[in-house]
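Structure, as structure tokens:
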Amino acid sequence: MKPSGRMERNDVVGGIKAMGGDASLAANLGYGYGIQVEAIKPSTAAAAAGSNGPAGQQGARPSSAQQKQKQRSSWQDSRAAAAAGKVPGPGGAGGVVKHKDPPIILVPSGVTAMINMHNAKWFLEEGKFVPSEEAMKANPIKPTQAVEFTRTALRHGPHHPRYQVTDKVPKPGHPDWKRVVAVIAQGKAWQFKGFPFKGADKGELMETFTHLFGAYFHYNDEPVPENVAGWKVVKLPIRRTARHLDQTVMLDFYSKLDAFLQARRCELNY
């Protein structure tokens with residue numbers, strides 16, 4: 001018996017099964033302990049109930065070693081599923097299986113944007129804001145393909161989700177739109193031309209920000225433009241000099257993104 005009482009609880013589950021007890025009770029006791037409790041068929045229950053004596057030894061309860069082996073196999077299966085990117089969704093053990101394809105964050109293509117392809121990975125992965133003009137000096141060649149990065153912010157454990165960031169808007173009907181979860185706005189409505197949402201080509205963005213999480217970064221000493229103030233986007237101020245506060249802004253971005261995606265039961269591994 002472990003100090004946590006885990007084996008004692010599993011023994012109770014096994015006892016209920018062996019005695020032909022209520023399967024739902026066994027399932028409730030077993031849930032969350034790394035074992036899979038199967039429903040007990042009536043024939044199985046009857047055989048187990050009548051297995052007293054030499055004639056019923058085939059229905060004898062598994063030994064403690066067998067129970068441990070079954071529990072260990074179930075635990076290893078769950079670890080293998082997690083390593084393959086299949087993690088339980090909001091519904092728990094029977095919930096949605098997360099897709100392995102990484103979520104996509106769209107950023108502006110303009111070189112004057114606060115967050116663009118030159119500095120997006122630094123900020124989204126490390127929580128470090130590098131002004132675009134400085135980032136362009138360090139990385140003068142803009143990436144032509146989507147850049148992958150690992151999200152560790154607000155994520156614990158050995159498996160961290162992968163994301164992609166790009167300023168290339170997928171073509172209408174392209175399957176990548178199923179993976180676009182957020183867009184960082186520069187402040188101009190023309191940025192959303194080509195988005196597959198009603199009114200986007202005309203600068204009417206209500207439906208766009210219903211389907212996608214929107215964020216607008218700006219310096220804290222500059223006002224938010226009037227048109228952006230009316231958009232359903234999160235306004236995130238960044239200080240010009242206090243770099244130690246950049247991670248706070250990054251965490252705010254991800255916490256609000258998570259709330260947005262959870263409310264929509266997103267099936268991506270974000």
Conditions (1) in contact with a strand residue (DSSP E or B) (Cβ under 9 Å, 6 or more places away or on another chain); (2) part of a loop (DSSP other than H, G, I, E, B) -> residue 245 fails only (2)
- Look at residue 203 and say whether it is in contact with a Phe, Trp or Tyr (Cβ under 8 Å, 6 or more places away or on another chain) and on the phi > 0 side of the Ramachandran plot. yes
Within region 204-251, the residues that are over 19 Å from residue 126 (Cα atoms) and hydrophobic (A, V, I, L, M, F, W, C) are 205, 206, 209, 212, 213, 224, 228, 229, 231, 233, 234
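Considering region 216-247 alone, what residues qualify as being open to solvent by 100 Å² or more (accessible area, probe 1.4 Å) and either of a type in the set (S, T, N, Q) or in contact (Cβ under 8 Å) with a residue 40 or more places away in the chain (or both)? Reasoning before the result, please.
Keep residues of region 216-247 that are open to solvent by 100 Å² or more (accessible area, probe 1.4 Å), which gives 223, 226, 232, 239-241, 244.
Matches in region 216-247: 241 only.
The values are calculated or read from the model by the stated rules, or taken from the named source; none is laboratory data. Since we're looking at a predicted model, the values are computed, not measured. Virtual Cβ from ideal backbone geometry, glycine too; neighbours counted across all protein chains shown. Side chains are part of the model used for accessible areas, which takes the heavy atoms of the whole protein and leaves out ligands, DNA and RNA. Shrake-Rupley method; radii C 1.70, N 1.55, O 1.52, S 1.80 Å.
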